[in-house]
Amino acid sequence: MTKSFAEAVENRRSIYAISEESLISDERIEELVSHAIKHTPSAFNSQTGRVVVLLGEKSKRLWQITEDTLRKIVPAENFDSTAQRMAAFGGGYGTILFFEDIAVIESMQNQFEAYKENFPVWSLQSSGMLQFVIWTALEAEGFGASLQHYNPLIDEDVKKEWDLPSSWKLLAQMPFGRPLMAAGEKEFQPVEDRLKVIK
Ligand SMILES: Cc1cc2nc3c(=O)[nH]c(=O)nc-3n(C[C@H](O)[C@H](O)[C@H](O)COP(=O)(O)O)c2cc1C
């Protein structure tokens, strides 16, 4: 990773048009995802995050599963745009699946009764951090990625397809590939309305 942290944070955008060409080796992809999993914080260091990296045909398979699922519920006359979206995501090089391990969350709840209500919330917050780290790391390697949420519709089929533990709860899908188009214009609300520095 050669870009500065601030540049990588600023350059991370939602990129929907992606190609199936990879920019780095599969080993490097695994390395950056492993690094993110290891170093992203979690409440009480509970390490509830779980990740599946689908590459090449396996990523295409995910988006086929998603398309097949949506076809059952989206009215046929509106399906064209959905099918185009699925084709665009499946046209990338890979997809990162983000899960949280409910068994670990429950175990933390049992151990720390006073924080029972907080652990599921902290788990989501921690997953958001992990998603951001991986999204930004992919950007820093030149990939374009976006964040999708077809859970819980696809949960059972995904778990069955890749034989994943039943305690893993799917939270998000991040398709990535070589960016084919720059991100669109983005509006920013005045930061001064969103920030107070108190001295
Ligand atoms: C928690 C969260 C959920 C999101 N869910 C989706 C989603 O389901 N589909 C999607 O296309 N983009 C999703 N996004 C992307 C946002 O729309 C996007 O990040 C935002 O508009 C800012 O644009 P940028 O990513 O280009 O900076 C999500 C982003 C966040 C942080």
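The values are calculated or read from the model by the stated rules, or taken from the named source; none is laboratory data. Just so you know, these numbers come straight off a predicted model, no measurement behind them. Cβ: placed from backbone, ideal geometry, glycine included. Neighbour counts: every protein chain shown. Side chains are part of the model used for accessible areas, which takes the heavy atoms of the whole protein and leaves out ligands, DNA and RNA. Shrake-Rupley method; radii C 1.70, N 1.55, O 1.52, S 1.80 Å.
Tell me whether region 23-32 contains one or more residues that are within 16 Å of residue 174 (Cα to Cα), within 17 Å of the chain's Cα centre (by Cα), more than 16 Å from the ligand (Cβ to nearest atom) and open to solvent by less than 60 Å² (accessible area, probe 1.4 Å). Within region 23-32, one or more residues are within 16 Å of residue 174 (Cα to Cα), within 17 Å of the chain's Cα centre (by Cα), more than 16 Å from the ligand (Cβ to nearest atom) and open to solvent by less than 60 Å² (accessible area, probe 1.4 Å). Against the list (1) under 15 Å from residue 47 (Cβ atoms); (2) in contact (Cβ under 8 Å) with a residue 60 or more places away in the chain; (3) of a type outside the set (Ser, Thr, Tyr), the condition residue 96 fails is (1).
Could you give every pair whose Cβ atoms fall below 7 Å, whose first residue belongs to region 116-129 and is in contact (Cβ under 8 Å) with a residue 60 or more places away in the chain, and whose second residue is of a type outside the set (Ser, Thr, Tyr) and part of a helix (DSSP H, G or I), counting only separations of at least 6 or pairs across chains? Listed by first residue and then by second, the contacts come to 119/43; 119/105; 119/108; 119/109; 122/43; 123/105; 126/43.
Taken over region 55-64, the criterion of being out of contact with any Gly (no Cβ under 6 Å at 6 or more places or on another chain) and either assigned to a strand (DSSP E or B) or buried (at least 20 other Cβ atoms within 10 Å of the Cβ) (or both) is satisfied by 62 alone.
The residue that is farthest from the chain's Cα centre (by Cα), counting only those in region 6-22 that are open to solvent by 60 Å² or more (accessible area, probe 1.4 Å) and more than 16 Å from the ligand (Cβ to nearest atom), is 21. Based on what the data block shows, is residue 85 open to solvent by 30 Å² or more (accessible area, probe 1.4 Å) and outside any helix (DSSP H, G or I)? No; evaluated as a whole, the condition is false for this residue.
Can you tell me which residues in region 65-82 are among the hydrophobic types (A, V, I, L, M, F, W, C), loosely packed, with under 14 Cβ neighbours inside 10 Å and in a helix (DSSP H, G or I)? Passing the criteria: only 76. Does region 33-49 hold any residues that are more than 16 Å from the ligand (Cβ to nearest atom), of a type in the set (S, T, N, Q) and assigned to a loop (DSSP other than H, G, I, E, B), and which are they? Scanning region 33-49 gives 42, 46, 47, 48. Taken over region 161-182, the residue count meeting the criterion of being within 13 Å of the ligand (Cβ to nearest atom) and polar (S, T, N, Q) is 1. Residue pairs whose Cβ atoms lie under 6 Å apart, sitting 6 or more positions apart in sequence or on different chains, and linking a residue in region 171-187 that is farther than 24 Å from residue 129 by Cβ to a partner that is among the hydroxyl-bearing types (Ser, Thr, Tyr), are 178/19; 180/19.
Being of a type outside the set (A, V, I, L, M), under 18 Å from residue 11 (Cα atoms), open to solvent by 30 Å² or more (accessible area, probe 1.4 Å) and within 15 Å of the ligand (Cβ to nearest atom) narrows it down to one of 141, 185, so name that one. None of the other options fit; the residue is 185.
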